[in-house]
Amino acid sequence: MANLESNFIGIKSPNPFWLASAPPTDKEYNVRRAFDAGWGGVVWKTLGEDGPPVVNVNGPRYGAIWGADRRLLGLNNIELITDRPLQTNLDEMTRVKRDYPDHALIASLMVPVDEDSWKDILSRVIDTGCDGVELNFGCPHGMSERGMGSAVGQVPDYVQMVTEWCKKHSNLPVIVKLTPNIADIRKPAQAAKDGGADAVSLINTINSITSVDLDLFAPQPTIDGLGAHGGYCGPAVKPIALNMVAEIARTPELAGLPISGIGGVTTWRDAAEFMALGAGNVQVCTAAMTYGFKIVEEMISGLSQYMDEKGFTTVDELVGRAVPNVVNWQDLNLNYVTKARIDQDACIKCGRCFAACEDTSHQAISMSEDRVFDVIDAECVACNLCVNVCPVEDCITMERLPEGDVDPRTGKTVSDDYANWTTHPNNPMKCAAE
Amino acid sequence: MSDTTLTPGIKAGRLDAAAYDENFGDLHPRLDDHEVLVAADRCYFCHDAPCITACPTEIDIPLFIRQIATGTAEAAAETILDQNILGGMCARVCPTETLCEQACVREAAEGKPVLIGQLQRYATDTLMEQGKHPFARAVRTGKQVAVVGAGPAGLACAHRLAMHGHDVTIYDARQKPGGLNEYGIAAYKSVDGFAEREVDWLLQIGGITIETGKSLGSDLTLDQLKASHDAVFLGLGLGGVNALGLEAEDKDGIENAVDFIADLRQARDLAKLPVGRDVVVIGGGMTAVDAAVQAKLLGALNVSLVYRRGRDRMNASVFEQDLAASKGVRIITNAQPVAIHGNGAVREIEFEYTDDSLTPTGQTFRLAADQVFKAIGQTLQGDGLPKLEGRKIAVTGAGRTSVAGIWAGGDCAAGGDDLTVTAVAEGRDAAEDIHSSLMG
Ligand SMILES: Cc1cc2nc3c(=O)[nH]c(=O)nc-3n(C[C@H](O)[C@H](O)[C@H](O)COP(=O)(O)OP(=O)(O)OC[C@H]3O[C@@H](n4cnc5c(N)ncnc54)[C@H](O)[C@@H]3O)c2cc1C
Ligand SMILES: Cc1cc2nc3c(=O)[nH]c(=O)nc-3n(C[C@H](O)[C@H](O)[C@H](O)COP(=O)(O)O)c2cc1C
Ligand code: SF4
């Protein structure tokens, strides 16, 4: 079994699986059980200012999107930060950290944008013995209308300013949690870095309306006939989160800024993908809310098996391994020619590849009277749609044409030489090889 | 003491009251809302789906399943009923394992087809329970069509004709409409009077009059019908029964399986229906299986189904054979009846083993029998019918017979399997053909 110990910006945890700041980390009872179940760390549910706590709605706060068999694919919420008194949370955090010294415990914070508020909360949080703070600049609903959460995260100047205050008033590691509700994720990441952040974590939830009640004509979840936009998370947001993580990881100016990857992590594989794209660890919320704390056992055993198979001895060997392979479109090799290949023995003759290619792609699949489906190489542009719609694993695959073959679609001989758009004759901006 | 399964002879009330309810309950209880979503989810929405081709009425199965999956079971029902007005009955009685579900690509992939029949039932039940009839009659054409036989073929034909605006009169020899839906299908496939409810629901289209107790041959002649109507459709089914051709075939205790089944279907109280202790059914089709299974469910102690060829040649599907076996019916193959023994009433029946080409082997055996059901095939009955092909009415195209103005479909017409769904398809197609020739 591989060694999964994690050291993220100096914060040690038995494994890189942390629970994200959310209901699973809302109180001592949960967090103790999470640690006992095997989670490496938790980011405590976001704390706010002292005084009367925020209130949540008393009707439904979640909406969802389902796939086959009611598998939960996306969750949306209109919950706010913790609605329990600050001191209660602080006392509980202190006790938990005392009893679980080897596990990571991070305080997530969100207070109004003035220096004293941040200074004050930091001084109180330090006493819990927590390992670091995470600045919640991400919450897209409820708090943002009060000038906090994503209202801060969307303005890079504020991000930098608040980060600077936090570095100034504490010596705890500072993680800045980014909102995805922004056009270019690199901007707030840069601001966090400039403000002295030790790391960024992303993503928080995405603005969303999951569904509309067609009898009440109101967004769901519906509270007394009305609904508000919420924050979207769960498996559905993973591709968006992966891209944002990769964008930060591969930007030279941001190189070396540690990333805690969040968004749709549901299995060990998701976690490994985030890490390959540059995340030093991952945080999980929806998967735990869907299946309970026990899923971490699969994450631990899965990542461990994978690392053994790859011969990795520490998680850091995985971190960032895929980053150099994320490039811009114009860097892709246009001489890489593939064709779809259908394994006739595996084919169950559903004809979905035919419908997809015939109706919406390149008319490159033929169908015989007796339902044999074949790829017409002279038409196949290798778009991969047939592979994606085929219900049978590995029935349709993409095979590369070897050098020297003629691509019957273009009539060109396949070359193994690399050639991309920047030098392509059709590109009006091509850099002429002079 | 009351009779039990052990009491010899043909006796009623062998079981306690609760056992009858349990034995004759729904074979496949309807899926609940959740099960339906799980089942519907498995459909791949195939292109030019093989299941559609495999359905004799060519229901657009992927479409109706998608309609169910998206919460519009009523629309799904309309998709079904548009092609097959008896989609409700077919959902219950079709041997889907040899039709749509056999063709399902998930049968090829996993040996587990999408539950098409059950999904169809869910959709049609949903709509019918609301009492809705989704089709409306076209403007009346003033044309009169006579339909003989109120079975699936006749009903499907009449409905389609009525939809096109024609006035239809259905004549049926029996007291109730429905044909074998009412008198033949196994009781556990059509519970709670579904056959009757379905006919009532179908008639909501309007423009159809049913005259029961009117038999072609005795009460009516084909010439009369032709003279008084613009077209005639024959959906007579197969009213006769093949004989074993043995001496003493008229001994007490020897009955036609279809008569036993009809009595059973019409019985108000199954506890009053007598059944033998040792029952022997002769035949290898759906009728033989249904008679054997239902005899067992009525409380017969020993039920043997004896078929003259090998298992693979049995007309009853593998599912039906397994059902029989699971209910405790003993299936004996490669044996042909050669003699009936007993004084007055049958006591034993003697069989001889045959090889697959039906050559007798000389080896014989006897089975104790106080009741014997003959289920070796039904035949067409009637004189003065249009020209026959083999033992059925010859048809070309969509049911045209040798006589202009007379169409035929269902079991009485040559070609196609003897199935409810085939009868519906043929009745429907004949109606379209009648419509175009009347409106020409
Ligand atoms: C016991 C049994 C079980 C079966 N189980 C199944 C099953 O599970 N699934 C399946 O798909 N199929 C099954 N079948 C076959 C199916 O029932 C028939 O294929 C189907 O009913 C044929 O329909 P039809 O309209 O042609 O004839 P029928 O249903 O036989 O209807 C013919 C109608 O015509 C009437 N009629 C006959 N002669 C005259 C006349 N001279 N004058 C007036 N009216 C007349 C009859 O009274 C009857 O109402 C079964 C058949 C039997 C016998
Ligand atoms: C109900 C709910 C409440 C949340 N509350 C907070 C919060 O208080 N602070 C915070 O930083 N993120 C909060 N989040 C966001 C999660 O921490 C996480 O960033 C997001 O759900 C994406 O991860 P996931 O796809 O694993 O759920 C919340 C998410 C949910 C579902
Ligand atoms: S890869 Fe695209 S173009 Fe080629 S056969 Fe598949 S769907 Fe058609």
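The values are calculated or read from the model by the stated rules, or taken from the named source; none is laboratory data. The structure displayed is predicted, hence computed values, not measured ones. Here Cβ is always computed from backbone atoms with ideal geometry, including for glycine, and neighbour counts include all displayed protein chains. The area values use the complete protein model at the heavy-atom level, side chains included, leaving out ligands, DNA and RNA. Shrake-Rupley method; radii C 1.70, N 1.55, O 1.52, S 1.80 Å.
Answer yes if at least one residue in the stretch A:39-46 is more than 18 Å from residue A:285 (Cβ to Cβ) and among the charged types (D, E, K, R), and no otherwise. So far as the stretch A:39-46 goes, no, none of its residues is more than 18 Å from residue A:285 (Cβ to Cβ) and among the charged types (D, E, K, R). Mind listing whichever residues of the stretch B:55-67 are away from every other protein chain (no Cβ under 14 Å) and modelled with pLDDT of 95 or more? Passing the criteria: B:55, B:56, B:57, B:58, B:59, B:60, B:64. For residue A:381, the criteria (1) open to solvent by less than 30 Å² (accessible area, probe 1.4 Å); (2) away from chain B (no Cβ under 14 Å); (3) within 16 Å of ligand 3 (Cβ to nearest atom) hold in every case but one, which is (1).
Taking the criterion of being open to solvent by less than 70 Å² (accessible area, probe 1.4 Å), part of a loop (DSSP other than H, G, I, E, B) and either in contact with a Cys (Cβ under 9 Å, 6 or more places away or on another chain) or among the basic types (Lys, Arg) (or both), the residues of the stretch B:1-55 that qualify are B:14, B:42, B:43, B:44, B:46, B:47, B:49, B:55.
Scanning the stretch A:215-244 for residues that are within 14 Å of ligand 2 (Cβ to nearest atom) and in a strand (DSSP E or B), we see that the one that is most open to solvent (accessible area, probe 1.4 Å) is A:232.
Can you tell me which residue is nearest to ligand 2 (Cβ to nearest atom) among those in the stretch A:373-411 that are part of a loop (DSSP other than H, G, I, E, B), farther than 21 Å from residue B:42 by Cβ and among the β-branched types (Val, Ile, Thr)? That would be A:381.
Here residue A:358 fulfils each of the conditions (1) touching a residue at least 24 places away in the same chain (Cβ under 8 Å); (2) within 14 Å of another protein chain (Cβ to nearest Cβ) apart from (1). Checking each residue in the stretch A:69-102 for being assigned to a helix (DSSP H, G or I) and basic (Lys, Arg) picks out A:70, A:95, A:97, A:98. The residues of the stretch A:368-378 that are more than 8 Å from ligand 3 (Cβ to nearest atom) and away from chain B (no Cβ under 14 Å), listed by number, are A:374, A:377, A:378. Once the stretch A:384-418 is narrowed to residues that are of a type in the set (Asp, Glu) and within 14 Å of chain B (Cβ to nearest Cβ), the residue that is surrounded by the most Cβ atoms within 10 Å (Cβ to Cβ) is A:394. Scanning the stretch A:217-262 for residues that are more than 18 Å from residue A:198 (Cα to Cα), in contact (Cβ under 8 Å) with a residue 12 or more places away in the chain and among the polar types (S, T, N, Q) yields a total of 2. Quick check: is even one residue across the stretch B:154-163 open to solvent by 20 Å² or more (accessible area, probe 1.4 Å) and within 9 Å of ligand 1 (Cβ to nearest atom)? The answer is no; no qualifying residue exists.
On the stretch given as the stretch B:336-345, residues that are in contact (Cβ under 8 Å) with a residue 12 or more places away in the chain and over 16 Å from residue B:245 (Cβ atoms) total 4. Is the stretch B:104-112 home to any residue that is of a type outside the set (Phe, Trp, Tyr) and in contact with a Cys (Cβ under 6 Å, 6 or more places away or on another chain)? For the stretch B:104-112, residues of a type outside the set (Phe, Trp, Tyr) and in contact with a Cys (Cβ under 6 Å, 6 or more places away or on another chain): present.
Condition check ((1) hydroxyl-bearing (Ser, Thr, Tyr); (2) open to solvent by 10 Å² or more (accessible area, probe 1.4 Å)) across all residues:
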residue: A:120; (1), (2): no, yes
residue: A:125; (1), (2): no, no
residue: A:132; (1), (2): no, no
residue: A:138; (1), (2): no, no
residue: A:145; (1), (2): no, yes
residue: A:150; (1), (2): yes, no
residue: A:157; (1), (2): no, yes
residue: A:160; (1), (2): no, yes
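Filtering the stretch A:419-433 for residues that are touching a residue at least 24 places away in the same chain (Cβ under 8 Å), over 37 Å from the mean Cα position of the chain (by Cα) and open to solvent by less than 80 Å² (accessible area, probe 1.4 Å) leaves an empty set. The requirement of being in contact with a Leu (Cβ under 6 Å, 6 or more places away or on another chain) and open to solvent by 60 Å² or more (accessible area, probe 1.4 Å) is fulfilled nowhere in the stretch A:95-106; no residue meets it. Reported count of residues in the stretch B:273-299, each being modelled with pLDDT of 95 or more and open to solvent by 40 Å² or more (accessible area, probe 1.4 Å), is 3. The criterion of at least 3 residues that are open to solvent by less than 30 Å² (accessible area, probe 1.4 Å) and not charged (D, E, K, R) is met by the following strands (runs of 3 or more DSSP E) wholly inside the stretch B:328-440: B:335-341, B:348-354, B:371-374, B:406-408.
Where strands (runs of 3 or more DSSP E) sit wholly within the stretch A:1-68, those with at least 3 residues that are assigned by TED's automatic domain parsing to the domain that holds residue A:297, open to solvent by less than 30 Å² (accessible area, probe 1.4 Å) and within 16 Å of ligand 2 (Cβ to nearest atom) occupy A:17-19, A:41-47. Selection of the stretch B:88-120 for residues being of a type in the set (S, T, N, Q) and away from chain A (no Cβ under 14 Å) yields B:96, B:98, B:118, B:120. On the stretch given as the stretch A:355-367, residues that are open to solvent by 30 Å² or more (accessible area, probe 1.4 Å) and either near ligand 3 (Cβ under 6 Å from one of its atoms) or at negative phi (or both) total 6.
Residue A:339 satisfies every condition listed in (1) under 19 Å from residue B:105 (Cβ atoms); (2) of a type in the set (Lys, Arg); (3) outside any loop (DSSP other than H, G, I, E, B) except (1). Considered as a group, the residues in the stretch B:215-262 that are farther than 30 Å from residue B:159 by Cα and aliphatic (A, V, I, L, M) include one that is least open to solvent (accessible area, probe 1.4 Å), and that residue is B:257.
Those strands (runs of 3 or more DSSP E) of the stretch B:252-311 that lie entirely within it include none in which at least 3 residues are in contact with a His (Cβ under 9 Å, 6 or more places away or on another chain) and over 16 Å from residue B:20 (Cα atoms).
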